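Report on the structure given below.
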Amino acid sequence: MGSITITVNRNGVFKKYTVPEHITVLEALEYINSNYGEGILYRSSCRSGQCGSCAMTINGEPRLACKTKVEDGMVVEPLEGFNVVEDLIVDRSPYYKKIQDLRNYLHCEGDKTNLKITPKDIKEFKSVRNCIDCLCCLSKCPARRFSQYPGPTFMRQLTRFAFDPRDEGDRDKEAYFENLHNCTTCAKCVEVCPKEIDIVHRAIERLRELAFKKGYYLRNHLIVRENILKGNRSVKKERGSFLEEVKEEYIADKEKMRLAFFTGCLVDYRLQDVGRSAIKVLNAHGISVVIPKDQVCCGSPLLRTGQRDLAEKLKRKNLKVFNNLDVDGVVTVCAGCGSTLKRDYREREFQVMDITEVLDKVPIEYKPLDIKVTYHDPCHLRRGQGIYLEPRRILKRIPKLELIEMEIPDQCCGAGGGVRSGKPEIANAIGRRKVRMICKTGADYVITVCPFCEYHIRDNLKKFDEEGGSLKVMNIVSLLDKVI
Ligand code: FES
């Protein structure tokens, strides 16, 4: 068996050790202690991914040491977001204290023996019961880091009781006052959960739905609702509408594909330039663009804030418009719209593609552009749709353009989940960290695909760019418009 080198962060001192290949991180730590005479402290129990005690930061991500194989150059550190007791042991007591505060038991007064949990209840909420208390989700949650938000697993636990017919506690109210609406739905918790619990859709959004029905919502989320009720858009019309100005069809020379354009609210009412560029860029790639005029908001801002009732109506309208078109699919230029159409429009009869997916499939030669850019991964594109290679491949095809990756390109910008509209101070606290990361790259532009991210990063660059505001944010289609 060969050997490799790993580094362990011991109370701030990084020490390198040679260990055998093909073993787990947990076995490597045991090996180091017995072969180097070291006494590295760490927790473990089941050794099979069941107890959650061995969670630590491995190559920057929270992972279970007993389920992760060692790799050459790997860096092993204590779980981020907690105080370190010693070596790889972190202080879990704030977690235990908080979970105790949440009345972590069925709240049920009197004799409720006749109230039984049904197989349907069990099936629906089984996945939120699978938690192993590893705390990986708390480690990376941006809302927890920048606000008084207890973190994903607490909301998961409240959901478990909220949807248990035997529980009489006001779990939705409890969640609301525990800052349920601070979550940006970035889904980092889902990505790092070793049990693959979909906390965002199974817990956060369901709790918000319950809370909304009982009147626990943020005032600004009602404004979004009013806007939609009045004009089918989540934002108010300010200077014209993209849908009103464009033609119904833009045919490409030597057509390779024919797609319907789902514009989304921001392109229609705010970022019309992005819409115009999208048409030109798609046409240049040989894609004809059809623009149905009676399309409406996809419902994402409602679904993310617990207003499913109205979102369902929007969905029905859009399905009617897009289900019967003579096209090869529907293209989106907004990460939020794209992930909503893909995930929540179960009855759709059309394929949905983000614009980067489409352009990457039918590459063309671009003109050179001598600039330095960095790329921000929108959460709803990277984790919502699994798209992160496509935009990078597109950027790398532009001659002379230099792509510089920032420290954490997929770190949430703070805008999502209704946080920008409902709790702007938290959205800005998260955004500030993103801006620091972006500015550190020394790029001329930060490129993104989502209009919500674009808007939020632009605002935060104005507020927090310590370099004097020379760095600008640009949508990928606006950039491509310059090189076609
Ligand atoms: Fe139990 Fe790793 S030791 S999950």
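Counting heavy atoms of the protein chains only and a 1.4 Å probe, report the per residue accessible area for the chain as a whole number of Å².
Averaged over the residues of the chain, the accessible area is 44 Å².
How high is the relative contact order of the stretch 39-121, given as a whole-number percent (alpha carbon pairs under 8 Å, six or more residues apart)?
22 percent
Rg over Rh of the stretch 1-121, using C-alpha atoms and the Kirkwood radius, what does it come to?
Here Rg/Rh amounts to 1.17.
Using the Cα centre of the chain as origin and beta-carbon charges of +1 (Lys, Arg) and -1 (Asp, Glu), tell me which of Ile197, Thr263, Leu229 is placed farthest towards the positive end of the dipole.
Selected residue: Leu229.
How far apart, in nanometres, would the label points at Asn130 and Glu21 be if each is projected 7 angstrom from Cα along the Cα-to-Cβ direction?
The modelled label-to-label distance comes out at 3.2 nm.
If a/c stays under 1.5 just call it rounded; otherwise compare a/b with b/c (prolate if a/b is bigger, oblate if not). Do that for the stretch 266-325, with a ≥ b ≥ c from the square roots of the Cα gyration tensor eigenvalues.
Numbers: a/c = 3.08, a/b = 1.69, b/c = 1.82.
Taking the square roots of the gyration eigenvalues as a ≥ b ≥ c, the stretch 266-325 is oblate.
List the trypsin sites (Lys or Arg not before Pro) within the stretch 305-397 that DSSP assigns to loop and that have no more than 14 neighbouring Cβ atoms inside 10 Å. Could you put the intermediate results ahead of the total?
Numbers: sites: Arg308, Lys313, Lys315, Arg316, Lys317, Lys320, Lys342, Arg343, Arg346, Arg348, Lys361, Lys372, Arg382, Arg383, Arg392, Arg393, Lys396, Arg397; in loops: Arg346, Arg348, Arg397.
Answer in residue order: Arg346.
Indicate the gyration tensor shape class of the chain (rounded, prolate or oblate), computed on the Cα atoms with a ≥ b ≥ c the square roots of the eigenvalues: a/c under 1.5 is rounded; otherwise a/b larger than b/c is prolate and the rest oblate.
Since a/c reaches 1.5 but b/c is at least a/b, the shape of the chain is classed as oblate.
Under the definition of Cα pairs under 8 Å and six or more residues apart, what whole-number percent is the relative contact order of the stretch 216-325?
Normalised by residue count, the contact order of the stretch 216-325 is 28 percent.
Shape of the stretch 62-183 from its Cα gyration tensor (a ≥ b ≥ c, root eigenvalues): rounded if a/c is under 1.5, otherwise prolate when a/b > b/c, or oblate? Walk me through the numbers before you get to the answer.
On the way: a/c = 2.50, a/b = 1.82, b/c = 1.37.
Taking the square roots of the gyration eigenvalues as a ≥ b ≥ c, the stretch 62-183 is prolate.
Among DSSP bridges having both ends in the chain, what percentage is antiparallel? Round to the nearest 5.
About 45 percent, rounded to the nearest 5.
Report, in deg cm²/dmol and to the nearest 500, the calculated mean residue ellipticity at 222 nm for the chain, where each DSSP H run with n ≥ 4 adds -39500 (n - 2.57) and the sum is divided by the residue count. It would help to have the intermediate numbers written out before the result.
Numbers: 23 runs with 197 residues, N = 484.
That calculation yields -11500 deg cm²/dmol at 222 nm.
Under a crude label model (7 Å from the Cα following the beta-carbon direction), how far is Lys237 from Ile99 in nanometres?
So the two model labels end up 5.3 nm from each other.
With each pseudo-label sitting 7 Å past Cα toward Cβ, what's the Val13-Glu249 distance in nm, one decimal?
Here the answer is 7.4 nm between the modelled labels.
What's the tally of Lys pairs in the stretch 43-171 whose alpha-carbon atoms lie under 20 angstrom apart, where the two lysines are 8 or more places apart or on different chains? Walk me through the numbers on the way to the answer.
Working: Lys67/Lys140; Lys97/Lys140; Lys98/Lys140; Lys112/Lys120; Lys116/Lys126.
Taking the stretch 43-171 as the scope, the lysine pair count is 5.
As an exercise, identify the chymotrypsin sites (Phe, Trp or Tyr not before Pro) in the stretch 1-80 lying in DSSP coil whose Cβ has no more than 13 other Cβ atoms within 10 Å. List each step's numbers first, then the result.
On the way: sites: Phe14, Tyr17, Tyr31, Tyr36, Tyr42; in loops: Tyr36, Tyr42.
Passing both the DSSP loop test and the Cβ count: Tyr36.
Looking at Gly12, Leu29, Tyr95, which one has the Cα that reaches farthest to the positive end of the dipole of the chain (charges on Cβ: Lys, Arg +1; Asp, Glu -1)?
Of the options given, the answer is Tyr95.
Check each of the chymotrypsin sites (Phe, Trp or Tyr not before Pro) in the stretch 48-146 and keep only those in coil by DSSP with at most 11 other C-beta atoms within 10 angstrom; list them in order.
Tyr105
Round to a whole number: what % of the accessible area of the chain belongs to carbon and sulfur, probe 1.4 Å?
48 percent
I need to check one value: relative contact order of the chain, counting alpha carbon pairs closer than 8 Å and at least 6 residues apart, in percent.
Once normalised by length, the contact order is 11 percent.
Please work out the C-alpha center-to-center distance from the stretch 419-454 to the stretch 137-204 and express it in whole Å.
The stretch 419-454 and the stretch 137-204 have Cα centres spaced 23 Å from each other.
The values are calculated or read from the model by the stated rules, or taken from the named source; none is laboratory data. Please read all numbers here as calculations on a predicted model, not as lab measurements. Positions of Cβ are backbone-derived with ideal geometry, glycine not excepted, and every protein chain shown enters the neighbour counts. Remember, those area values only see protein heavy atoms, side chains included, never the ligands or the DNA or RNA. Shrake-Rupley method; radii C 1.70, N 1.55, O 1.52, S 1.80 Å.
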